[in-house]
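Notes for the one structure printed next.
The values are calculated or read from the model by the stated rules, or taken from the named source; none is laboratory data. All of these numbers come straight from a predicted model, not from anything done at the bench. Virtual Cβ from ideal backbone geometry, glycine too; neighbours counted across all protein chains shown.
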Amino acid sequence: MIQKTLVLIKPDGTQKNLIGEIIRRYEIAGLKVVELKMLKAPLSIVEKHYPMEKAYLESIGEKTIAAGQKVKSAYDQGKKVVTWLRKFITSGPIVAMVLRGEDAVAHVRKITGFTDPSTAEKGTIRGDLGTDSILKANMEERPAYNLIHASGSLEEAEKEIRLWF
């Protein structure tokens, strides 16, 4: 099924001049860029993109636990990480784009690689170009610099595309 999905190249990706390489990898894989803009992310959008909702915060905190760090509560850890993410995503320019293609959401997630660059498979964007880890980021009280946000489901993609475009 043909789908659209959202990708954000985060400030670490733009600062490292990886915009072209990241887009190239998606295009080579058969995805088409149908909308694209570079912007400084407004906090009003970022707060909706990274919401302070219980289930979402717990899912973010679970990634810390899966990375091997002990925390008192997934929820509390998620709140910290989302606070760090909000500050980071608004710290510099980002590129927001809508990609279209066959099973675009899953296809983009596969090309992007796992959230934690230190465990992302080689051949993925994060596995090849990422240099950070969730554990290191948490020790330094900041988000993992993983270059990209990619929508996790078709419903999330539809919501995020409306939010950013």
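Count, please, the residues in the range 41-65 that happen to be of a type outside the set (S, T, N, Q), within 14 Å of Ile134 (Cα to Cα) and touching a residue at least 60 places away in the same chain (Cβ under 8 Å). Can you show your working first?
If we filter the range 41-65 for residues that are of a type outside the set (S, T, N, Q), which is where we start, we get 41-43, 45-58, 60-63, 65.
After this cut, where a residue has to be within 14 Å of Ile134 (Cα to Cα) as well, the list is 60-63, 65.
Now restrict to residues that are touching a residue at least 60 places away in the same chain (Cβ under 8 Å): 63.
Matching residues across the range 41-65 total 1.
For the range 145-155, which positions are farther than 22 Å from Met38 by Cβ and either hydroxyl-bearing (Ser, Thr, Tyr) or free of Cβ contacts under 8 Å to residues at least 40 places away in the same chain (or both)?
Ser153, Glu155, listed by residue number.
Of the listed requirements (1) among the aliphatic types (A, V, I, L, M); (2) part of a helix (DSSP H, G or I); (3) exposed (fewer than 14 other Cβ atoms within 10 Å of the Cβ), Met38 misses just one: (2).
For first residues located in the range 76-90 and farther than 19 Å from Gly13 by Cα and free of Cβ contacts under 8 Å to residues at least 24 places away in the same chain, partners that are surrounded by 20 or more Cβ atoms within 10 Å (Cβ to Cβ) and hydrophobic (A, V, I, L, M, F, W, C) and lie 6+ apart or on another chain with Cβ distances below 6 Å form the pairs Gly78/Leu57; Gly78/Ile60.
I'd like to check something: does the range 66-83 contain any residue that is out of contact with any Lys or Arg (no Cβ under 8 Å at 6 or more places or on another chain), over 23 Å from Glu140 (Cβ atoms), hydroxyl-bearing (Ser, Thr, Tyr) and modelled with pLDDT of 95 or more? No, the range 66-83 contains no residue that is out of contact with any Lys or Arg (no Cβ under 8 Å at 6 or more places or on another chain), over 23 Å from Glu140 (Cβ atoms), hydroxyl-bearing (Ser, Thr, Tyr) and modelled with pLDDT of 95 or more.
In the range 50-88, which residues are assigned to a loop (DSSP other than H, G, I, E, B) and out of contact with any Leu (no Cβ under 9 Å at 6 or more places or on another chain)? Met52, Glu53, Lys70, Val71, Lys72, Ser73 - these are the residues of the range 50-88 that are assigned to a loop (DSSP other than H, G, I, E, B) and out of contact with any Leu (no Cβ under 9 Å at 6 or more places or on another chain). Using beta carbons and a limit of 7 Å, which pairs, at least six apart or on different chains, have the first residue in the range 91-108 and farther than 24 Å from Asn17 by Cα and the second one assigned to a helix (DSSP H, G or I)? Every condition considered, the pairs that remain are Gly101/His107; Val105/Leu154; Val105/Ala157.
Could you check, for the range 42-61, whether at least one of its residues is over 20 Å from Gly152 (Cα atoms), among the hydrophobic types (A, V, I, L, M, F, W, C) and exposed (fewer than 14 other Cβ atoms within 10 Å of the Cβ)? Yes. Checking every residue in the range 98-121 against the condition of being surrounded by 15 or more Cβ atoms within 10 Å (Cβ to Cβ), among the charged types (D, E, K, R), touching a Ser or Thr at 6+ places or on another chain (Cβ under 7 Å) and assigned to a loop (DSSP other than H, G, I, E, B) gives at least one match.
On the given criteria, is Ile9 surrounded by 19 or more Cβ atoms within 10 Å (Cβ to Cβ), in contact (Cβ under 8 Å) with a residue 60 or more places away in the chain, closer than 23 Å to Ser118 by Cβ and in contact with a helix residue (DSSP H, G or I) (Cβ under 8 Å, 6 or more places away or on another chain)? In short, yes.
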